[in-house]
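To start, the structure under review is shown below, and the notes come after it.
All of the numbers you see were taken from the coordinates with simple rules; none came from a lab. A quick note: this is a predicted structure, and the numbers were derived from the prediction, not measured. Quick reminder, even Gly has a Cβ in these numbers, built from the backbone with ideal geometry, and neighbours come from all protein chains shown.
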Amino acid sequence: MERERSALGGNDPDDVPTLWDAYELFDRKVRRVYHDRKTGLVILSIARENPKLAAQWGNELVRRANAMLRKRAGEESEQAIRYLREQLKKTSEVELKQVLHQLIESEMKEIILANINEDFAFKVIDPAAIPEEAFKPKVGLLVLLGVLVGVFLALLANLLRKQRELSPAGH
């Protein structure tokens with residue numbers, strides 16, 4: 001336990017990351033959601049160092065969102081049907097009964113659509129695929145570039161210093 005605490009930020013229990021901290025990190029650094037209000041498209045992107053894992057996460061997030069929304073729609077429709085059936089028992093008016101039957105039929109259609117349609121809320125136009133090129137900059141290349149620029153600046157500074165030493169004192 002102590003080793004886990006030290007790995008997570010020290011011995012202070014207040015330093016241990018919470019689920020909220022994990023969510024905020026995921027929301028800020030990993031998952032991006034873009035909603036184009038004109039077209040109604042929702043674009044989900046996942047930024048991870050492992051492109052295969054990023055594609056899996058993106059596809060799984062959409063699948064889970066559809067499953068959750070499909071389940072919620074079914075539950076809400078079943079609850080509405082129960083309520084409408086109770087109202088049917090309480091009324092004797094023929095016209096009101098017809099309206100209630102139509103509403104029940106509408107809710108039953110909603111349940112059927114939710115159960116047969118995998119892409120209930122979000123239709124996947126282009127499933128996540130493993131990118132051909134890395135999403136993030138190549139760290140090794142940036143380090144090499146930084147070293148080369150540093151060496152160049154050091155040589156330039158040394159050259160300028162030597163030039164001042166060699167130039168006549170009056171100039």
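Taking 8 Å as the Cα distance limit and 6 or more residues as the minimum spacing, I'd like the relative contact order of segment 15-60 as a percentage.
Working: 30 pairs, mean separation 11.4, N = 46.
Once divided by the residue count of segment 15-60, the mean separation gives 25 percent.
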* **10 Å Cβ shell holding at most 12 others, DSSP loop, trypsin sites (Lys or Arg not before Pro): longest site-free stretch of the chain** => 39-122
* **Candidates 157, 47, 128: whichever shows maximal mean-square fluctuation once the chain is modelled as a Gaussian network with Cα springs under 10 Å** => 157
* **Normalised contact order of the chain, rounded percent, pairs of Cα under 8 Å and 6 or more residues apart** => 19
* To do: State which entries of 71/123; 38/109; 71/109; 71/97; 97/123; 29/71 exceed 26 angstrom in Cα-Cα distance in the structure shown.
  => 38/109; 71/97; 97/123; 29/71
* Which whole-angstrom value gives the distance between the alpha carbon centres of segment 64-131 and segment 142-165? -> 70
* residue 157 to residue 56: FRET efficiency via 1/(1 + (r/R0)^6), r the Cβ-Cβ distance, R0 41 Å, to the nearest 0.05? -> 0.25
* Asked: Helix by helix, which DSSP H runs in the chain go 18 Å or more along their axis at the Cα atoms and have an average Kyte-Doolittle hydropathy of -1.0 or more?
  -> 94-116, 139-166
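How many Å³ per residue does the convex hull of the Cα positions in segment 36-132 occupy? Display every interim value, and only then the final one.
On the way: hull volume 11.1 nm³, N = 97.
Normalising the Cα hull of segment 36-132 by residue number yields 114 Å³.
Count neighbours as other Cβ atoms within 10 Å of each site's Cβ, and list the chymotrypsin sites (Phe, Trp or Tyr not before Pro) in segment 111-165 that are DSSP loop with at most 12 such neighbours.
Working: sites: 120, 122, 135, 152; in loops: 120, 122, 135.
Listed in order of number, the matching sites are 135.
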* Given charges at Cβ of Lys, Arg, Asp, Glu: segment 86-171 dipole, positive-most of 124, 87, 140 -> 140
* Asked: Considering only DSSP states other than H, G, I, E and B, which GluC sites (Glu not before Pro) in segment 42-148 qualify as loop sites with at most 15 other Cβ atoms within 10 Å?
  -> 49, 93, 118, 132, 133
* How far is it, in nm, from the label point at residue 15 to the one at residue 101 when both lie 7 Å from their Cα along the line to the Cβ? -> 7.1
